[in-house]
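Visitor: Quick one: the structure is below, questions incoming.
The values are calculated or read from the model by the stated rules, or taken from the named source; none is laboratory data. It should be emphasised that the depicted structure is a prediction, and the values quoted were computed from it without experimental measurement. Note that each Cβ is placed from the backbone with ideal geometry, even for glycine, and that neighbours are counted across all protein chains shown. The protein model used for the area step is the full one, side chains on, heavy atoms only, and it has no ligands, DNA or RNA in it. Shrake-Rupley method; radii C 1.70, N 1.55, O 1.52, S 1.80 Å.
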Amino acid sequence: MADPETNETPPRKKVRVIACGMIAREVLAVNAQLGHDHVDLKCIDANYHHYPDRIAPAVDLAIRKAREEGYEHIFIGYADCGTGGELDKVCAAHGVERIAGPHCFSFYIGNQAFEQVGDDMMMTFFITDFLARHFEAFLIKPLGLDRFPELRETYFGHYERALYLAQTDDPELERLARALAERLELRYEKRMTGYGDLTDALRPL
């Protein structure tokens, strides 16, 4: 709101967003669209998605550091992401909010829409722009599929399809997503989601 005496709008208070490295590019893109030049982004290692028990302690530490740096307004750029409610406990202890939803696939699709079709997604392996871009480093090598391709059946044998949730319309990323689906021997499908509920989550910051 503008100052009635000067007719100038005061600068918005700085906000620290502590986000998963898997959605760093998307958080930056949404904030740019929203004109949020008052938002500072700090990311936590995307590889923690392989070790979800590490997410809540890492976020707790990052919040404490942000407070030490003088940030009063902090937002957590994670859904629950496999923490089993532990992340919510950290958020409650510090009085901060996180992105709603169980995981990024849900908020990209839209949490309400995902909840309505949740059972239909049980045998779906999700690919995002991040995973399409980094699947060798983030998925194939950590799971040992480059050395032991026979593990594909162990890790992915119960999936029926690979669904590419595209945040951007990028032919190269779609090519990579198709290549990943083929490598995992899964039926490929694509859905253009954009940033889904991420935009609404960041809009009030």
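Visitor: Could you please tell me which pairs satisfy a Cβ distance under 8 Å, a separation of 6+ or placement on different chains, a first residue in region 100-116 that is farther than 20 Å from T83 by Cα, and a second residue that is open to solvent by 60 Å² or more (accessible area, probe 1.4 Å)?
Guide: Once the first residue is farther than 20 Å from T83 by Cα and sits in region 100-116, its partners that are open to solvent by 60 Å² or more (accessible area, probe 1.4 Å) give I109/R191.
Visitor: K65: closer than 27 Å to F126 by Cβ and basic (K, R), yes or no?
Guide: No.
Visitor: Those residues that are out of contact with any Phe, Trp or Tyr (no Cβ under 8 Å at 6 or more places or on another chain), among the β-branched types (V, I, T) and in a loop (DSSP other than H, G, I, E, B), I need them from region 161-205; list them, please.
Guide: Matches in region 161-205: T168 only.
Visitor: I'd like the full set of residues that are surrounded by fewer than 17 Cβ atoms within 10 Å (Cβ to Cβ) and either of a type in the set (D, E, K, R) or on the phi > 0 side of the Ramachandran plot (or both), limited to region 172-205.
Guide: Across region 172-205, the qualifying residues are E172, R175, R178, E182, E185, R187, E189, K190, R191, G194, D200, R203.
Visitor: Those residues that are under 16 Å from the mean Cα position of the chain (by Cα) and over 15 Å from I23 (Cα atoms), I need them from region 111-147; list them, please.
Guide: Residues satisfying the conditions are N111, F114, F125, L139.
Visitor: Inside region 17-33, can you point out the residues that are buried (at least 17 other Cβ atoms within 10 Å of the Cβ) and charged (D, E, K, R)?
Guide: Answer for region 17-33, where residues must be buried (at least 17 other Cβ atoms within 10 Å of the Cβ) and charged (D, E, K, R): just E26.
Visitor: Still on this model: Kindly indicate the residue of region 49-72 that is crowded, with 16+ Cβ neighbours inside 10 Å and either over 22 Å from L139 (Cβ atoms) or of a type in the set (S, T, Y) (or both) and also farthest from the chain's Cα centre (by Cα) among those meeting that condition.
Guide: Y71
Visitor: Still on this structure, please answer the following. If I go through region 154-171 residue by residue, how many of them are closer than 29 Å to V17 by Cα and open to solvent by 30 Å² or more (accessible area, probe 1.4 Å)?
Guide: 3
Visitor: Out of (1) within 13 Å of the chain's Cα centre (by Cα); (2) on the phi < 0 side of the Ramachandran plot; (3) open to solvent by less than 40 Å² (accessible area, probe 1.4 Å), what's the single condition that is false for G101?
Guide: The number of the failed condition is (2).
Visitor: Is it fair to say A93 is assigned to a helix (DSSP H, G or I), in contact with a helix residue (DSSP H, G or I) (Cβ under 8 Å, 6 or more places away or on another chain), at pLDDT 95 or above and not β-branched (V, I, T)?
Guide: So A93 fits the description; yes.
Visitor: A further question follows. Scan region 85-97 and tell me whether some residue there is surrounded by fewer than 21 Cβ atoms within 10 Å (Cβ to Cβ), in contact (Cβ under 8 Å) with a residue 60 or more places away in the chain and farther than 30 Å from K141 by Cβ.
Guide: Checked against the condition, which is being surrounded by fewer than 21 Cβ atoms within 10 Å (Cβ to Cβ), in contact (Cβ under 8 Å) with a residue 60 or more places away in the chain and farther than 30 Å from K141 by Cβ, region 85-97 yields no hits at all.
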